[in-house]
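Colleague: One structure, as structure tokens, below. Some questions next.
The values are calculated or read from the model by the stated rules, or taken from the named source; none is laboratory data. None of these values were measured; they are calculated from a predicted model. Surface accessibility is based on the protein's heavy atoms, side chains included, excluding ligands, DNA and RNA. Shrake-Rupley method; radii C 1.70, N 1.55, O 1.52, S 1.80 Å.
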Amino acid sequence: MEAIEHPPIFRLPGIPDHVTYTWLVMIILAGLAFVGSRHLQLVPRGVQNFLEVVLEQFQQMIDDVMGSEGRKYLPFIATLGLFILTSNLMGLVPGLVGVTGNLNTNAACAIAVFVAYHWIGVRKQGLLPYLKHFAGPVPLPLKPLMFVIEIISHLARPLSLTLRLFGNIVGGHILLAVIFLLIGWALSGSVPGAIIGGLGGIVTIAFTVGFLYPLKILVAFLQAFIFVMLTMLYIAGAIEESEHHAEQHAGHH
């Protein structure tokens, strides 16, 4: 990617770029949280008002998907969503690195989700009852097969989360980089080629600014939304299994 895209404007010696810019995202979000909560007001203004609106949107999504039981997971879900969104948008700025364009970052987020929703399920049900529901409501001879299928399905979730986000973000970067590379190649040729390339470049730039960049901004928001929505669904699944198990236990009594 660095051969056809603008290299990062700053680097730390010996530290991978995606780690450096992950720290930058953390600093940005921590700075916004500090500024927004420094002088809390009953009638919010400025950064406090902006952050409250954002958190209310997350809370509304949680209520719709998980119910009131999911509100306790707002800090985890909102942090994950804001980190991914900020990283996606940062990748649209020339000279900055979108850390979601790196498999390691996406895998770390996906593994955090994987561990979190299983931990929630185990805490609510206990280890053995939680593992028991993997076998599903099927006849006893089919339970081992169903258990294996469910385990494979759950193991595929972090892989799916990682590759979906990575593919959509990197695909957009490659498309933009190739377009700018072609413009530069056309302008570096002969005079007639430069004239034709210049006219084509103007059209291409207009297309990029007027359509491609807005589309990439939409994709940045959409991919963050999809990642958060799937996270909520996975946690909701663990909560529902716990509630179902509790209802069955109460029914037996």
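Colleague: Rank these residues by their accessible area, most exposed first, probe 1.4 Å: Ile9, Ile149.
Modeller: So, going from the largest accessible area down, we get Ile9, Ile149.
Colleague: On to the next question. Quick one: accessible area per residue over the stretch 1-104, 1.4 Å probe, rounded to a whole number of Å²?
Modeller: Value returned for the stretch 1-104: 60 Å² of accessible area per residue.
Colleague: Sticking with this one: Of all the C-alpha pairs in the stretch 1-135, what % are more than 26 Å from each other?
Modeller: Counting every Cα pair in the stretch 1-135, those more than 26 Å apart make up 41 percent.
Colleague: Would you check the accessible area of Lys124, probe 1.4 Å, heavy atoms only, in square angstrom rounded to 10?
Modeller: Accessible area, nearest 10 Å²: 80 Å².
Colleague: At a probe size of 1.4 Å, how large is the accessible area of Leu51, to the nearest 10 Å²?
Modeller: 40 Å²
Colleague: Okay, moving on. Carbon-plus-sulfur fraction of the accessible area of the stretch 63-177, 1.4 Å probe, in percent?
Modeller: Ligands and nucleic acids excluded, carbon and sulfur give 73 percent.
Colleague: Under 5 Å between amide H atoms, partner at least 5 residues away or on a different chain: which partners does Gly98 have, H built in plane at 1.01 Å?
Modeller: Counting only residues 5 or more places away or on other chains, the set is Gly91.
Colleague: Starting at the first residue of the stretch 150-162, write each ³J(HN,Hα) from the Karplus equation 6.51 cos²θ - 1.76 cosθ + 1.60 with θ = phi - 60°, in whole Hz, x for Gly and Pro.
Modeller: Per-residue couplings from phi come out as 5, 4, 4, 4, 5, 5, 6, 5, x, 5, 5, 4, 5 Hz.
Colleague: Further question: How many angstrom separate the Cα center of the stretch 47-80 from the Cα center of the stretch 113-159?
Modeller: If we compute the Cα centre of each part, the gap is 27 Å.
Colleague: Let me ask something else about it. Per-residue accessible area for His133 at 1.4 Å probe radius, Å² rounded to 10?
Modeller: It works out to around 50 Å².
Colleague: Sticking with this one: Could you rank Met26, Met232 by how accessible they are, 1.4 Å probe, largest area first? Intermediate results must be reported in sequence, preceding the final value.
Modeller: Details: Met26 105, Met232 0 Å².
If we order Met26, Met232 from most to least accessible, we get Met26, Met232.
Colleague: Also, quick follow-up: Please arrange Ser68, Ser37 by accessible surface area, largest first, computed with a 1.4 Å probe and ligands excluded.
Modeller: Ser68, Ser37
Colleague: Let me ask something else. Which ³J(HN,Hα) values in Hz, rounded to whole numbers, follow from the phi angles of the stretch 20-29 under the Karplus curve 6.51 cos²θ - 1.76 cosθ + 1.60, where θ = phi - 60° and Gly and Pro get x?
Modeller: Whole-Hz 3J(HN,Hα) from phi for the stretch 20-29: 4, 7, 5, 4, 4, 4, 4, 5, 4, 5.
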